[in-house]
1. Tell me yes or no: at least one residue of segment 28-49 is among the charged types (D, E, K, R) and assigned to a loop (DSSP other than H, G, I, E, B).
2. Identify the residue in segment 1-38 that is of a type in the set (A, V, I, L, M) and within 27 Å of L50 (Cα to Cα) and, among all such residues, is modelled with the lowest pLDDT.
Amino acid sequence: MYGGAVGFASYGVFSFTNIVIFKDYPLYIALIDTFWGTVIGTTSVFLYMLLE
């Protein structure tokens, strides 16, 4: 759960900063990227806990 929260926060900040900075940055890309960060963060922590 912590990995998902960290992934969501870090990828979300990055993606939505891109929306503010770049004129034609699509919202759907930011949402997909934020979801991807959540999945990667959760998977990484899950695998770490599994192998620990």
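The values are calculated or read from the model by the stated rules, or taken from the named source; none is laboratory data. It should be emphasised that the depicted structure is a prediction, and the values quoted were computed from it without experimental measurement.
1. Pass one, segment 28-49, residues among the charged types (D, E, K, R): 33.
Cutting the leftovers down to assigned to a loop (DSSP other than H, G, I, E, B) gives us none.
Checking segment 28-49: not a single residue is among the charged types (D, E, K, R) and assigned to a loop (DSSP other than H, G, I, E, B).
2. Applying the filter and picking the extreme gives M1.
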